[in-house]
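Asks: Take this structure first; my questions come after.
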Amino acid sequence: MTTSIIVIGAGVVGASTALALQKDGHQVTLVDRDSPCSGASFGNAGAIVNGSCVPTAMPGTIFDVMSMLSQPLSPLSIKASYFPKILPWLMRFILQSRTRAVDDNSKHLHALSKTAVASWQKLTANSEISCLLRQTGWLKVYESDKSFDGTKKSRELVDKIGTPYEILNASQIHDLEPNLAPIFKRGFYQKDSLSIINPDRLVKGMVELFVAEGGTYKQFEVKTIKTTSDKVEISDHKNSLSADKIVIATGAWSRTLAKQLGDSIPLDTERGYHLMMPESTKKLLNRPVLNGENSFVLSPMETGLRMTSQVEFAGLKAKPNYKHIRNLLPAVKRMLPKVDTSEQSVWLGFRPSIPDSLPVIGFSTRSDRVLYAFGHHHLGMTLGAITGLTIADLVAKRQTAFSLTPYQANRF
Ligand SMILES: Cc1cc2nc3c(=O)[nH]c(=O)nc-3n(C[C@H](O)[C@H](O)[C@H](O)COP(=O)(O)OP(=O)(O)OC[C@H]3O[C@@H](n4cnc5c(N)ncnc54)[C@H](O)[C@@H]3O)c2cc1C
């Protein structure tokens, strides 16, 4: 049966959801307060990590957080004035670092990510945008045994789940990435992962495809949502639209919309930054590479080499602090001696994060006219396509590939 559906949010999750619903023959309207891909989906590292299963909260996380906060080039920072606001989130986060919770979160993350690549291939099949996805693999490199050994618990989790990977020595790293300085002793390589050479172009391309196939794009900021027995209405006090169902895919901004519908979700933002280097630098690497010592990723994008890094707790409104990312440039030069680190642009993005590292995917607690698709933290590019396809399965009342209980809004 054709259903009218409004998807709110035109980031990777909303665009994937709109396309997947449209492929099922529904009448879909995509709404964003801005142009497509103006949130976190714009400036990320572009890695699609198949089989990703390591949640952010891990055993011992509390000690790692305390030690990181005291380091000069720390990848983690908390704005002092935001500390009282983030404290309840951090308390929940620490509870998620207990072994039992970590095992559960890992299993549920893997249930989503194990088909990440296949889902992207399905969603982009026979379209021009599929050329933006490259089968490059995902590489992490470590200079010291100490930093490599620091990842032991994550590797144990990966072994337990069974995600394939290879441990590389210095010469194998050199074979994959000849321009890296010969300082890296150990590598962790997931061969079957993909990378996106331009996340902005991918998401905009998905929206263009959606519109070309008859979908509607509307630009306004959704302020209120009202459900009745036969429809759901969204409005910004000037515009209003109604449909049979809506999907909330507004990333880090989803908490207040879900609150209106009676769901209290512990969603906050882990802010992250990027810095673009000149276009000529993009040939220096073949794939996204994570520097294990300094926790930054260098990704070869079609517009130049992109450095992404940082987890900053400062909420959605504080001004960017680009010092965090600029301070890492000497470490970039040390890693990739031929690189021209002249800054082309800098960017701040808002990862939508929930303490258990699992998104909310499924119906709202009170109404089956409202569906949620948000909270994809560090993995929204990886999980965008599978989320969209899963929402389409739910709307069509098809059996989903895995149980959706762990991702429900009422789990908190
Ligand atoms: C530095 C950094 C590096 C990252 N690297 C990776 C990576 O390598 N791999 C990976 O898988 N993930 C990565 N991520 C995470 C990934 O980018 C996010 O998880 C993902 O982009 C979230 O997508 P989204 O569609 O949920 O949200 P967004 O892309 O933020 O989109 C939300 C949209 O909702 C709109 N909106 C908000 N409120 C309203 C409203 N009231 N009315 C109308 N519209 C509204 C916004 O304008 C926005 O367009 C990274 C993130 C960062 C910050």
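Asks: Roughly what would the spin-label model give for Met68 and Gln344, points 7 Å off Cα along C-beta, in nm?
Replies: A separation of 2.8 nm, rounded to one decimal place.
Asks: Amide H to amide H under 5 Å from Ala181: which residues, 5+ apart in sequence or cross-chain, H placed 1.01 Å off N in plane?
Replies: It is Leu336, by chain and number.
Asks: Then there is this: What is the spin-label model distance, in nm, from Glu166 to Ala181 if the labels are put 7 Å beyond Cα along the C-beta direction?
Replies: 2.6
Asks: From zero up to wherever the largest Cα-Cα distance of the stretch 305-382 sits, split into 5 Å bins and tell me the percent of pairs in each.
Replies: 3, 11, 18, 16, 15, 14, 9, 6, 4, 3, 2, 0
Asks: Also, I was wondering about something else. By accessible area of protein heavy atoms, probe 1.4 Å, what ranking do Phe374, Phe63, Phe83, Phe402 get, highest first?
Replies: Numbers: Phe374 0, Phe63 140, Phe83 90, Phe402 30 Å².
Descending order: Phe63, Phe83, Phe402, Phe374.
Asks: Then there is this: Given a Förster distance of 45 angstrom, what is the FRET efficiency for Ala125 paired with Lys259, based on the Cβ-Cβ distance and rounded to 0.05? Display every interim value, and only then the final one.
Replies: Details: r = 37 Å, r/R0 = 0.83.
E between Ala125 and Lys259, to the nearest 0.05, is 0.75.
Asks: Shifting gears a bit: Within straight cross-link reach of Lys152, meaning Cα distance under 16 Å, which lysines are found once same-chain residues fewer than 8 apart are removed?
Replies: Output for Lys152: Lys140, Lys160, Lys185.
Asks: Same structure again: Do the alpha carbons of any pairs in Lys85/Lys114; Lys153/Lys259; Lys122/Lys153; Lys204/Lys317; Lys122/Lys245; Lys191/Lys282 sit beyond 30 Å of each other, and which pairs? Can you show the working numbers first?
Replies: Working: Lys85/Lys114 34 Å; Lys153/Lys259 36 Å; Lys122/Lys153 33 Å; Lys204/Lys317 25 Å; Lys122/Lys245 24 Å; Lys191/Lys282 20 Å.
Distance filter (> 30 Å) returns Lys85/Lys114; Lys153/Lys259; Lys122/Lys153.
Asks: Roughly what would the spin-label model give for Lys146 and Thr224, points 7 Å off Cα along C-beta, in nm?
Replies: Going by the 7 Å Cα→Cβ label model, 5.8 nm.
Asks: Still on this structure, please answer the following. Assuming a ≥ b ≥ c are the square roots of the Cα gyration tensor eigenvalues, decide whether the stretch 63-207 counts as rounded (a/c under 1.5), prolate (otherwise, with a/b larger than b/c) or oblate. The partial results should precede the final answer.
Replies: On the way: a/c = 1.58, a/b = 1.22, b/c = 1.30.
Oblate shape, in that a/c is at least 1.5 and b/c is the bigger or equal ratio.
Asks: Stokes-Einstein diffusion coefficient for the chain at 20 °C in a medium of 1.002 mPa s, Rh from the Kirkwood formula over Cα pairs: what value in µm²/s? It would help to have the intermediate numbers written out before the result.
Replies: On the way: Rh = 21.6 Å.
For the chosen part, D equals 99 µm²/s.
Asks: Something else about it: Identify which of Tyr322, Tyr189, Tyr142 has the largest mean-square fluctuation in a Gaussian network model of the chain, with springs joining Cα atoms closer than 10 Å.
Replies: In this elastic network of the chain, the residue with the biggest mean-square fluctuation among Tyr322, Tyr189, Tyr142 is Tyr322.
Asks: Show me, for the stretch 69-85, the HN-Hα J-couplings you get by feeding each phi into the Karplus relation (A = 6.51, B = -1.76, C = 1.60, θ = phi - 60°), rounded to Hz, glycine and proline as x.
Replies: 5, 9, 8, x, 9, 4, x, 10, 8, 10, 5, 3, 5, 8, 3, x, 6
Asks: Can you tell me how much longer the chain between Asn198 and Glu279 gets when fully stretched, taken as 0.36 nm per residue apart minus their C-alpha distance, in nm with one decimal? It would help to have the intermediate numbers written out before the result.
Replies: Details: separation 81, 0.36 × 81 = 29.16 nm, distance 1.26 nm.
Residue separation times 0.36 nm, minus the Cα-Cα distance, leaves 27.9 nm.
Asks: Further question: Could you list which residues have their amide H under 5 Å from that of Phe374, counting only those 5 or more apart in sequence or on another chain, with H placed in the peptide plane?
Replies: Distant-sequence amide H within range of Phe374: Val360.
Asks: So how much slack lies between Phe83 and Asp236, counting 0.36 nm per residue of separation and subtracting their Cα-Cα distance, in nm? It would help to have the intermediate numbers written out before the result.
Replies: Numbers: separation 153, 0.36 × 153 = 55.08 nm, distance 3.12 nm.
Net length gain for the segment: 52.0 nm.
Asks: In bins 5 Å wide, starting from 0, what share of all Cα pairs of the stretch 229-299 does each bin hold, as a percent?
Replies: 3, 10, 14, 15, 10, 9, 9, 9, 11, 8, 1, 0
Asks: Can you give me the Cα centroid spacing of the stretch 204-271 and the stretch 67-103 in angstrom?
Replies: 30
Asks: Another one. Please work out how much accessible surface Lys122 shows to a 1.4 Å probe, ignoring ligands, DNA and RNA, in Å² rounded to 10.
Replies: Taking all protein chains as shown, Lys122 has close to 140 Å².
The values are calculated or read from the model by the stated rules, or taken from the named source; none is laboratory data. Bear in mind the structure is a predicted one, so any value in this text is a computation, not a measurement. Reconstructed Cβ throughout: ideal geometry from the backbone, glycine too, with neighbour counts over all protein chains shown. Surface accessibility is based on the protein's heavy atoms, side chains included, excluding ligands, DNA and RNA. Shrake-Rupley method; radii C 1.70, N 1.55, O 1.52, S 1.80 Å.
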